[in-house]
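Quick note: the coordinates plus some simple rules give every number you see, no bench work behind them. Every value quoted in this text rests on a predicted model; they were computed, and no experiment measured them. Here Cβ is always computed from backbone atoms with ideal geometry, including for glycine, and neighbour counts include all displayed protein chains.
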Amino acid sequence: PRKIIIDTDPGQDDAVAILLALASPEDFEVMGVVAVAGNVGLHHNATNARKVVELAGRKDVPVYAGCARPMRRTLVTAEHVHGDTGLNGPDLPAPSFELQPEHGVDYLIETFMQADPGTITLCTLGPLTNVAMALVKEPRIAERIAEIVMMGGAYFEVGNITPAAEFNIYVDPDAADIVFRSGIKLTVLPLDVTHQMQATPERLQAFRAIGNKAGQAVYEMLSFSQGFDLAKYGWAGAPLHDPTVIAYLIDPGLFEGRLCNVTIETASELTIGMTVTDYWHVTDRPRNATYIRSGNAEGFYCLLTERIARLP
Ligand code: BDR
Ligand code: CA
């Protein structure tokens, strides 16, 4: 199994991604979960991360709290999508275990410095603040991270928080800029693909029909968070974002993408946080990211439902 660390701001869709990873021991050894400010404040996200790990019956996975705000800009949150706790929907018990005492950024640095280079993959499901701060504090981790697989950005489908930007990149564009310039192998799951993964009523019901606690919780989480998106897009089902990162690592054959240059806009008030993607190679800027453009929604939901069924 591949060793991964999940950096996240849970978030209903983050929660489903964490559950998918923990349900897949043949694919992953989840070394740790690090919370970051994003969908809601850090305190809630760190609590939610522990609730989700516990829902999967995996209190042994250490959970860390990282940065409470972006590097430069004021924190923008998304209670309007995720609810005031960030994980509205299911009534999950308060976590019965503590956060790790170490700061999430120091955990990332220590873990990557101690492990053999190229042996741990970083999955990012929220703003990139923790990762960028770790790169600033200890640049040598860049050559030790096997790969970063992230949910973030948008090109063809453009923005969900402003007309130009996707939420995770918009919240901390300075951090995203550091990560995209780091030279680390990057795979990006943008809105272009997550908008294809629509949680239709049938797909939501399939989680509930499993009959386990996790399936019921996934049903309740996604039923809550999709309320906002359904009204916004008018589609049969709301997009499902963060689990695509984990699904990509399990079965990359479900997705198609292309290696291109992606550069982050950090200055313009109109387009800040935009992932400017040189899809057609019209510049000679280095090809720094595999930009996933499409995915097999049926295959994705089959995988997700089958794996969630393995949980308590
Ligand atoms: C991203 O923003 C968050 O609200 C979701 O959890 C996802 O990571 C989608 O733009
Ligand atoms: Ca997220």
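Figures for the structure shown
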read-out	value
Glu143-Ser294 pseudo-label distance in nm [points 7 Å out on the Cα-to-Cβ vector]	3.9
Amide H partners (placed H, <5 Å) of Lys3, local residues excluded	Glu29, Thr121
Semi-axes of the equivalent ellipsoid for the chain, Cα gyration tensor, largest first, Å	26, 23, 19
Cα gyration tensor shape for the stretch 185-257, rounded if a/c is under 1.5, else prolate or oblate	oblate
Long pairs among Lys3/Lys51; Lys137/Lys185; Lys59/Lys232; Lys185/Lys213, criterion Cα-Cα beyond 30 Å	Lys59/Lys232; Lys185/Lys213
Zero-based 10 Å bins, Cα pair distances in the stretch 192-312, whole percents	12, 34, 31, 17, 5, 0
The stretch 53-185 pair-distance distribution - Cα-Cα, 10 Å bins, rounded %	11, 36, 36, 17, 0
Highest average packing first - 84-90, 207-213, 287-293, Cβ atoms within 10 Å	287-293, 84-90, 207-213
The chain: relative contact order as a whole-number percent, Cα under 8 Å and 6+ apart	20
Where labels lie 7 Å past Cα in the beta-carbon direction, separation of Gln205 and Ala236 in nm	1.3
DSSP beta bridges in the chain [antiparallel fraction, %, rounded to 5]	30
Charge sum, other residues only, whose C-beta stays under 12 Å from Thr162's C-beta, Lys/Arg counted +1 and Asp/Glu -1	-3
Ranked by how many other beta carbons lie within 10 Å on average, peptides 14-26, 59-71 from highest	14-26, 59-71
Rule-of-thumb Rg ratio for the stretch 1-106 [Cα; 2.2 N^0.38 Å; N residues]	1.01
Cα gyration tensor, the stretch 24-80 - rounded (a/c under 1.5), prolate or oblate	prolate
Ordering of 275-281, 295-301, 192-198 by burial proxy (mean other Cβ atoms within 10 Å per residue, highest first)	192-198, 295-301, 275-281
